[in-house]
Amino acid sequence: MDSTDWQTLCAERKKQQLESIPKEWLIPLPPRKQGNVLDIPGTCGLLSERELEITNTTDVDTLLGRLALGQWSSVEVTTAFYKRAIIAQQLTNCLTEIFIEKALARAKEVDDALKHTGKPVGPLHGLPISLKDQFCIKGMDTIMGYAAWIGKPAEKDCVLVEILYDLGAVPFVRTNVPQTLMWGETYNHVFGRTTNPWNRYMTPGGSSGGEGALVALRGSPLGVGTDIGGSVRIPAAFCGLYGLRPSYERLPYCNAVNAQEGQESISSVLGPMTNSLSGVRRFTKAIIDAKPWNRDPLAVRKPWNGREYELEEHGHGLGMCFAIMWDNDAVKPHPPLVRAMQLTKAALEAAGHKVIDWIPHRHLEIYRNAERIFAADEGHDYRTECAKSGEPLIMTMRPDEDAHHYPLDQPFCAVLRGDPVHLTAYELWQLHKEKRMLRKSHLDYWEATKAVTGTGRPVDAIIAPAVATAACPHGTNSDAFWTTMCNVLDLTCSVFPVTYADKELDKKAPPHEFRNSEDEVIYNMYDPELFHGLPVCLQLIGRTLEEEGVIGMTEVVDKAIKEFKV
């Protein structure tokens, strides 16, 4: 294909997407310069009072309860969220696949089953669920940000979608991603750029940025993203959501598509993104209870453990010891993140827990190991997929218009920066060996904290930023130090909201001794006015395959924050 061909292909696919939106669901658009658009679903007039009540119900337990009892039908709930998702699409460009008739037919199917049997179809009965544009649905394209993938419908559902249908759920939209997936922002040549509904001048993060923007606008009660270097946690943090990064293969990834398929040293994982912790728990437990290891040969054969969720190994949730990582020796967090950590510490201490400092352990070594593994093929995977259509490899997330000044204009993935050298198999094996050694070293370091916690146990969990900033301007998110550590070490972790950036409380800190150019540039980017009002989230880091415990501990932290009186 020549350059005209790929551009035409993208334009036609985008036109097809627009034509899939019912004309009566189009709304008057706010001025382009309007940043915060969170109130528009409630004021645009498209949603009825009943539909607003449904979509404003953020607690997934409540939604599932009303669906199971037939108080709300799946058809009306799916319709309400679909309309709100289309509003979100018009405001932030967060969607890829729109398949209204298919979703409503599925919703009617579960409604009919409930009427005929008196029983819900499964633990996710009738719940609309959005999916990142990696999870294949039979008969639909899974474009994943590549022009060459247009017009290649999936021959079958991926395992996650199969399980969601069995559990009674209603997959209803798919969401936007960056080309290559290896970005903390969301833009591609096919569907364009996704913006953050808290401030559209800012990125929603990536690579699950479409999910972040959609769920933040309450256009979906529960979305599924993926995470290989922070791709669930970064958009969850930027959009003020709860999210979970489970350990390798705890949840089924089989038959979903991905970048760098075959790279198995640092596995991509899937995880939920929601406005409620109940959504994280209900989704994770439902998928595990479905025994995914019977469909995905890589899925870990570990049933849901109620004792772990009840924190049996963590003092039953009483008098725990948390450690806060105030800095990671690479990129110092902005003032709103520091205040969020201070608030969390005070809340936990007020709730009867102990909080100590976490000193980073070999963090830069861990990050460099990940970067070299990701770059081992010297970008061959990305360039091959782009070459199939002739589209160029995207090298910057900066917009063509109204770009924010950012002197460190480079991808946070080394392979896209042009840094790497193609590694031999032997050289890659040495990185795998180093990775195992780093995991062992970090495990020993964590276990040694038993001497200082006062609980007789090592630190129960680490609390840290997911990103050094709140949501930042498009083209400026170069930080993945905070999240990638957990992907290399395969530590289960969550994201939870804490507060909002405040220009009066979060004054710019005095300069510190910069560790690298990125640290300096991120420091200089901070402007209290620019970040004012944005959500500020943190991540809770637990142990490998500790999904139940991480969810339980996140509930403890979340409750402490909500009950804390400053």
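With the convex hull of its Cα atoms as the shape, the chain has an orientation-averaged projected area of 24.6 nm². Residues whose amide H lies under 5 Å from that of Gly184, counting only those 5 or more places away or on a different chain, are Phe412; hydrogens are built 1.01 Å from N in the peptide plane. Is the shape of the range 122-274 rounded, prolate or oblate, going by the alpha carbon gyration tensor and its root eigenvalues a ≥ b ≥ c, with a/c under 1.5 for rounded and a/b larger than b/c for prolate? It comes out rounded by the Cα gyration axes.
DSSP finds beta bridges in the chain, and of those with both partners inside it, around 65 percent are antiparallel. Using a cutoff of 8 angstrom between alpha carbon atoms and counting only pairs six or more residues apart, the relative contact order for the chain works out to 16 percent.
On full extension, the segment bounded by Glu563 and Thr117 gains 156.4 nm, given 0.36 nm per residue less the C-alpha separation. A Förster radius of 25 Å combined with the Cβ-Cβ distance from Glu378 to Ser265 puts the calculated FRET efficiency at roughly 0.95. Contact order for the range 104-205, expressed relative to its length and based on alpha carbon pairs under 8 Å spaced 6+ residues apart, stands at 25 percent. So for the range 80-184, considering every pair of alpha-carbon atoms, how many percent are separated by more than 17 Å? Cα-Cα pairs in the range 80-184 separated by more than 17 Å: 56 percent.
Rounded to the nearest Hz, the phi-derived 3J(HN,Hα) couplings of the range 531-541 under the Karplus curve 6.51 cos²θ - 1.76 cosθ + 1.60 (θ = phi - 60°) are 8, 4, x, 7, x, 10, 10, 10, 10, 10, 10, where x marks glycine and proline. Among 68-80, 172-184, the peptide with the highest mean count of other Cβ atoms within 10 Å heads the list, and the full ranking is 172-184, 68-80.
Here the peptides 436-443, 231-238, 199-206 are ranked by packing, the mean other Cβ count within 10 Å, and the order with the highest first is 231-238, 199-206, 436-443. Restricting the calculation to Cα atoms, the range 210-294 yields a radius of gyration followed by a Dmax of 12.7, 35 Å.
At the listed q of 0.09, 0.17 Å⁻¹, the Debye profile of the range 337-476, built from one uniform point per Cα, gives log10 I(q)/I(0) equal to -0.48, -1.09. With an a/c value of 1.5 or above and a/b larger than b/c for the gyration tensor axes a ≥ b ≥ c computed over the alpha-carbon atoms, the range 127-173 is described as prolate.
Between Glu349 and Ala403, the simple label model (points 7 Å from Cα in the Cβ direction) yields a spacing of 4.5 nm.
As a calculated quantity, the FRET efficiency between Met395 and Arg362 at R0 = 30 Å, using C-beta atoms, amounts to about 0.50.
Only lysines eight or more places from Lys559 in sequence, or on another chain, were considered; those with a Cα closer than 17 Å are Lys345, Lys354. In terms of the mean number of neighbouring beta-carbon atoms within 10 Å, the peptides 474-484, 512-522 order highest first as 474-484, 512-522.
Tell me, in nm to one decimal, what length is gained between Lys156 and Glu529 on full extension, where the rule is 0.36 nm per residue of separation less the Cα-Cα distance? That pair, Lys156 and Glu529, stretches by 129.4 nm at full extension. Using the alpha-carbon positions of the range 477-566, Rg (one decimal) and Dmax (whole number) come out as 15.9, 41 Å. Say R0 is 41 Å: what FRET efficiency, to the nearest 0.05, do Glu313 and Glu434 get from their beta-carbon distance? The formula returns an efficiency of 0.85 here.
Read-outs: derived from the displayed coordinates by stated rules, not from any lab. Since the structure is predicted, the reported quantities are computational estimates derived from the model, not experimental observations. Note: ideal-geometry Cβ built from the backbone for every residue, glycine included; neighbour counts use all protein chains shown.
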